[in-house]
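Novice: My structure is below; once you've seen it, I'll send some questions.
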Amino acid sequence: DVDKAQSLLDAKTAADAAEKAKQDAAKKAVDELFNNNTPASNAIKPATNQATIDAAQALVDKVTDPTVKAALQADVDKAQSLLDAKTAADAAEKAKQDAAKKAVDELFNNNTPTSGAIKPTTDQKAIDDAKKLVDAITDPAVKAERQADLDKAQNLLDAKNTTLTAPKVNAYGVTDEYITGKVDANTVTVELYINGVRKKVSTPTNGDFKLYAQGFGLKVGDTFEVRPVDANGKKGPATTGVVLATSASPAAYNLTVDNAGLSSKAITGTAGNGFTTVRLSIDGTIVKVGQINADGTYSIATNNLIKPGSKVEVVGYTDKTEMARKTVSIVNDEKPVLDALTIDDDAVKGSVTAGSATSFRVSINGSLVKTGTIAADGTFQSSIGKQAVGTVVTIEIRDTTGYNTLRTASVTVTGSAVVKLTAPVLEKMDGNYIVGTAPKGTESITVYEDGVAVRTQNVSSMTVNPDGSFTFKAYVAPSATSVQVQAKNSDKRMTSDLSTALTK
């Protein structure tokens, strides 16, 4: 019987050991499906696939203990669920990548970005639609590759859609060798036409061009055309020039413009004697023509056409040919709003539109005395001391353009607009109290003992008299030998003189 028991025990021990080995093998296989070999991480390793999960499942199936097996099976199921989700996400990402690649490739000739050319049908909408698909890609490397091809297509479309502007042609005299001027950055070559026939072609350098013009029979008053051509051979708008008698001196075509504000009624400046008219251009459109005075000055009415953000230019013409163009600096001409100043005030105060300026300077009777800072809400003030009647105080605003002479305002000091309260009348001492009368307009009194202010009393504790004055009764220290009272109002300028002293 002992031998039988030993045999049974040996068999059980062997079975337990075999079960333990199965459990250990299954747990190791299951754990290794997850990051950090930890199912609780809720994330599988990049290397985990269906084969590794199936292998782990086969080991779990061999476990006999139902409790251990159930726990291991739960982890296998978790890994399977995570793999299924990853597989679905990978498939969705692959679909996005394929759709984006197809859309981007189809922008190019032969559906090949390396062709370096887009299809004739490729427009901005096609590029924008492809971009939406590229933006949906998650993989950064693939997304960057698609974006690079998309950028290439955009650049090619931009180049295709580039428009040329008319050249700026300098004044040309009949004896000059070259017709010169400027073209925009998209111009690759410049052509000279005389009587509709192309005579010369040249390549501009940094936007400057020269076209040899001798030998073509040009006479004073004849016209010629200069036309730009882009990299694709597309021709832009031509500029017509007039052959002048002589090359004028630079001063003859010197054009100046004065700064102007949004509310300016006219644009002013000077023009050399080579010009016959000046014209006002707003946002690229000629809107007004001005005449040049005998002294070379001009003034062109704005007719309130200048708006915030407008590009304003003055264009100088000789007959019908543009000879010079100058941009007008449109500056803020909002003037500061100043408070009135009287001889009682010791500070100048005012305001501008919030955010339109940072500081200001103060002049008194034409002499600069100090500067100050403008608050965020646009208000400002500066202590200047009390000034005499007739003093002129001027504020000049500093904004992004510096001190702006168009943003100045002045205020002249006037006489006082405030009448001081009359001094209180002290009538008698009533024990330790002084009795007296304060004038109409008083809001409080201050009691002085032996010349020192010691206490105040509000009119709310006084008796109002029919004439609007107040009868007061105020405490006085027994040690005081003399008493005075001063009437006050919330406007400090109304503070009265001290009353006549009452000696105890």
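Novice: Is at least one residue of the range 383-394 in the same structural domain as Thr342 (by TED's automatic domain parsing), out of contact with any Cys (no Cβ under 7 Å at 6 or more places or on another chain) and more than 22 Å from Arg493 (Cα to Cα)?
Specialist: Within the range 383-394, one or more residues are in the same structural domain as Thr342 (by TED's automatic domain parsing), out of contact with any Cys (no Cβ under 7 Å at 6 or more places or on another chain) and more than 22 Å from Arg493 (Cα to Cα).
Per-residue answers, yes or no, for (1) within 29 Å of Lys335 (Cα to Cα); (2) of a type in the set (Gly, Ala, Ser):
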| position | (1), (2) |
| --- | --- |
| Ala251 | no, yes |
| Gly261 | yes, yes |
| Lys265 | yes, no |
| Thr276 | no, no |
| Asn293 | no, no |
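Novice: Right, next: Can you name the residue in the range 392-433 that is part of a loop (DSSP other than H, G, I, E, B) and under 24 Å from Ser263 (Cβ atoms) and is also modelled with the highest pLDDT among such residues?
Specialist: Thr400
Novice: Ok, one more. Inside the range 292-309, can you point out the residues that are loosely packed, with under 11 Cβ neighbours inside 10 Å and not hydrophobic (A, V, I, L, M, F, W, C)?
Specialist: Once the filter is applied, which keeps residues that are loosely packed, with under 11 Cβ neighbours inside 10 Å and not hydrophobic (A, V, I, L, M, F, W, C), the range 292-309 yields Asp295, Asn304, Pro308, Gly309.
Novice: Give the range 197-211 a look and list any residue that's exposed (fewer than 14 other Cβ atoms within 10 Å of the Cβ) and in a strand (DSSP E or B), or say none.
Specialist: Answer for the range 197-211, where residues must be exposed (fewer than 14 other Cβ atoms within 10 Å of the Cβ) and in a strand (DSSP E or B): Val197, Arg198, Val201, Thr205, Asp208.
Novice: Checking the condition crowded, with 19+ Cβ neighbours inside 10 Å, small (Gly, Ala, Ser) and part of a strand (DSSP E or B), which residue from Ala453, Ala474 passes?
Specialist: None of the others qualify; the one that does is Ala474.
Novice: Within the range 442-450, identify whether any single residue is within 31 Å of the chain's Cα centre (by Cα) and part of a strand (DSSP E or B), and answer yes or no.
Specialist: Checking the range 442-450: not a single residue is within 31 Å of the chain's Cα centre (by Cα) and part of a strand (DSSP E or B).
Novice: Exactly one condition in (1) touching a residue at least 12 places away in the same chain (Cβ under 8 Å); (2) surrounded by fewer than 14 Cβ atoms within 10 Å (Cβ to Cβ); (3) assigned by TED's automatic domain parsing to the domain that holds Val201 is not met by Phe216; state its number.
Specialist: So the condition that Phe216 fails would be (2).
Novice: Would you be able to tell me the number of residues in the range 181-196 that are touching an Asp or Glu at 6+ places or on another chain (Cβ under 7 Å), hydroxyl-bearing (Ser, Thr, Tyr) and in a strand (DSSP E or B)?
Specialist: Residues in the range 181-196 being touching an Asp or Glu at 6+ places or on another chain (Cβ under 7 Å), hydroxyl-bearing (Ser, Thr, Tyr) and in a strand (DSSP E or B): 1 in total.
Novice: Residues of the range 79-130 being outside any helix (DSSP H, G or I) and within 15 Å of Leu157 (Cα to Cα), which ones?
Specialist: Glu106, Leu107, Phe108, Gly116, Ala117, Ile118, Lys119, Pro120, Thr121, Thr122, Asp123
Novice: Looking at Val142, Val220, which is the one that is in a helix (DSSP H, G or I) and among the β-branched types (Val, Ile, Thr)?
Specialist: Result of the check over Val142, Val220: Val142.
Novice: Next question, about the same structure. Quick one: what pairs do we get from the range 362-388, first residue at pLDDT below 95, second exposed (fewer than 14 other Cβ atoms within 10 Å of the Cβ) and part of a loop (DSSP other than H, G, I, E, B), C-beta under 7 Å, 6+ apart or different chains?
Specialist: Qualifying pairs under 7 Å: Lys386/Asp346.
Novice: Also: Of the residues Ala29, Ala15, Ala11, which single one is in a helix (DSSP H, G or I), touching a Ser or Thr at 6+ places or on another chain (Cβ under 9 Å) and modelled with pLDDT under 85?
Specialist: Just one listed residue meets the conditions, Ala15.
Novice: If you scan the range 456-471, which residues turn out to be among the polar types (S, T, N, Q) and in a strand (DSSP E or B)?
Specialist: Within the range 456-471, Thr456, Gln457, Asn458, Thr463, Thr471 meet the criteria.
Novice: Any idea how many residues of the range 64-97 are in contact (Cβ under 8 Å) with a residue 24 or more places away in the chain and surrounded by fewer than 15 Cβ atoms within 10 Å (Cβ to Cβ)?
Specialist: Qualifying residue count for the region: 2.
Novice: Can I ask one more? Is it the case, given these coordinates, that Ala55 is exposed (fewer than 11 other Cβ atoms within 10 Å of the Cβ) and either out of contact with any Asp or Glu (no Cβ under 9 Å at 6 or more places or on another chain) or modelled with pLDDT of 95 or more (or both)?
Specialist: Against the criterion (exposed (fewer than 11 other Cβ atoms within 10 Å of the Cβ) and either out of contact with any Asp or Glu (no Cβ under 9 Å at 6 or more places or on another chain) or modelled with pLDDT of 95 or more (or both)), Ala55 does not qualify.
Novice: Tell me which of these Ala40 doesn't satisfy, since it passes every other one: (1) closer than 28 Å to Arg146 by Cβ; (2) assigned to a helix (DSSP H, G or I); (3) not assigned by TED's automatic domain parsing to the domain that holds Arg146.
Specialist: Result: Ala40 fails condition (1) only.
Novice: For the range 116-147, which residues satisfy the criterion of being among the small types (Gly, Ala, Ser) and surrounded by fewer than 13 Cβ atoms within 10 Å (Cβ to Cβ)?
Specialist: Residues satisfying the conditions are Gly116, Ala141, Ala144.
Novice: Out of curiosity, is Thr187 surrounded by 16 or more Cβ atoms within 10 Å (Cβ to Cβ) and either within 42 Å of the chain's Cα centre (by Cα) or under 16 Å from Ala171 (Cβ atoms) (or both)?
Specialist: For Thr187, the condition - surrounded by 16 or more Cβ atoms within 10 Å (Cβ to Cβ) and either within 42 Å of the chain's Cα centre (by Cα) or under 16 Å from Ala171 (Cβ atoms) (or both) - is met.
Novice: Within the set of pairs 6+ apart or on separate chains, which have a first residue in the range 321-339 that is under 17 Å from Phe275 (Cβ atoms), a second that is at pLDDT 90 or above and among the hydroxyl-bearing types (Ser, Thr, Tyr), and C-beta atoms under 8 Å apart?
Specialist: Taking only residues 6 or more apart or on different chains, the pairs are Thr321/Thr240; Glu322/Thr239; Arg325/Ser281; Lys326/Thr256.
The values are calculated or read from the model by the stated rules, or taken from the named source; none is laboratory data. Worth saying up front: this structure is predicted, and the values here are computed from it rather than measured. Using ideal geometry, Cβ is built from the backbone for each residue, glycine included, and neighbour counts are taken over all protein chains shown.
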